[in-house]
1. What are the residues in segment 156-190 that are aromatic (F, W, Y), at pLDDT 95 or above, buried (at least 16 other Cβ atoms within 10 Å of the Cβ) and not in a helix (DSSP H, G or I), if any?
2. Name, by its number, the condition in (1) touching a residue at least 12 places away in the same chain (Cβ under 8 Å); (2) open to solvent by 20 Å² or more (accessible area, probe 1.4 Å) that does not hold for K248.
3. Tell me which of these K4 doesn't satisfy, since it passes every other one: (1) in contact with an Asp or Glu (Cβ under 6 Å, 6 or more places away or on another chain); (2) surrounded by 19 or more Cβ atoms within 10 Å (Cβ to Cβ).
4. Answer yes if at least one residue in segment 138-148 is open to solvent by 40 Å² or more (accessible area, probe 1.4 Å), within 22 Å of P41 (Cα to Cα) and among the charged types (D, E, K, R), and no otherwise.
5. Say whether the condition of being closer than 25 Å to K240 by Cβ and either of a type in the set (S, T, N, Q) or not in a loop (DSSP other than H, G, I, E, B) (or both) is met by at least one residue in segment 92-104.
6. Looking at (1) closer than 26 Å to K182 by Cα; (2) hydroxyl-bearing (S, T, Y); (3) touching a strand residue (DSSP E or B) at 6+ places or on another chain (Cβ under 8 Å), which is the only condition Y95 fails?
7. Quick one: how many residues across segment 26-70 are part of a helix (DSSP H, G or I) and open to solvent by less than 40 Å² (accessible area, probe 1.4 Å)?
8. What number of residues within segment 117-135 are part of a loop (DSSP other than H, G, I, E, B) and open to solvent by 30 Å² or more (accessible area, probe 1.4 Å)?
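The values are calculated or read from the model by the stated rules, or taken from the named source; none is laboratory data. Just so it is clear, the structure is predicted and the values come from calculations on it, not from any experiment. All Cβ positions, glycine included, derive from the backbone under ideal geometry; neighbour counts span all protein chains shown. Keep in mind that these areas ignore ligands, DNA and RNA; they rest on the heavy atoms of the full protein, side chains included. Shrake-Rupley method; radii C 1.70, N 1.55, O 1.52, S 1.80 Å.
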Amino acid sequence: MILKSKTSFLRALNSLKLRKNKHYLLHVSLIGTGLIKDVAPEKLCQFIHSSLLKKVPRGSTIYTLSPDYNYAKKNTPFSLNAANISKEIGSFSKYLFSLKKSYRSNNPIFNLCSIGPSAKEITNSCSPTAFGTNSVWEKLFKKNCEMIFIGCDLSVCTFIRYIEFNFGVPYLYNKYFNVPVKKNKKILNFFSISPLRYLNSKIDYDTKKFQKMLKRKKLLTFSKSRDFKIMKLNTASAFKVGIEELSKDAFFFLKRKPVFTKRFSPYS
């Protein structure tokens, strides 16, 4: 078992030069990060968060994914106050949510949890749509939020859904969920709307070419560290390149063109 050092992690973050923005969306894989010397496994999330705060500008706001997939799977009402973050998302999201003065947006499936000076402003009074007008994702895009990937790659980049939504790809559709969204037992919305993949259409994503293209254009920044895999990408650059490539190939983010039945095809 190889234990990495705290100093090496801080140097990896420092090499990304996180000094030009005040909004940071984190994707964190603890397995991909590995064990760090003198940091207990149960304290790793806290260490990552505190280390990041040392490197970003003062007064920055941190965001991470915090969806509740049971809202869609089981029609379970979504509560912004409940610790209902789906286990697939990982421990860092649960850690950020557990902090005092953390805030959460109100679309259950594409939900974001945040903490910092702008957290309340960005997450409150959002549209119940996942990526539409006045959604939390639109607000972050307008802030040109920086995305940081710690121990993972663009295969977990939910912002790609925002790009697809704005382009209008033919393999996603907007689903209306007639299930309430609550906060402190008060109903905020009686419904929500999220883009979903068509069932039984063999839709498989492949973000490797997107990642290589962003790297080649020097838009995706990698940490100068052998111990830690950390990347940085701003939303404006990702959106521009993503829209350009979808304009050439509407299935750019997929491994192959989806297969639909003869009775239904959105592009026949």
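1. Listed by number, the list holds a single entry, F177.
2. (1)
3. Of everything listed in (1) in contact with an Asp or Glu (Cβ under 6 Å, 6 or more places away or on another chain); (2) surrounded by 19 or more Cβ atoms within 10 Å (Cβ to Cβ), K4 misses just condition (2).
4. Checking segment 138-148: not a single residue is open to solvent by 40 Å² or more (accessible area, probe 1.4 Å), within 22 Å of P41 (Cα to Cα) and among the charged types (D, E, K, R).
5. Residues of segment 92-104 that are closer than 25 Å to K240 by Cβ, as a first pass: none.
Scanning segment 92-104 turns up no residue that is closer than 25 Å to K240 by Cβ and either of a type in the set (S, T, N, Q) or not in a loop (DSSP other than H, G, I, E, B) (or both).
6. (3)
7. Looking only at that region, the number is 9.
8. Kept after step one, since they are part of a loop (DSSP other than H, G, I, E, B), are these residues of segment 117-135: 117-118, 124-128, 130-135.
With the extra rule that they be open to solvent by 30 Å² or more (accessible area, probe 1.4 Å), the set shrinks to 117, 124-125, 133-134.
Here the count works out to 5.
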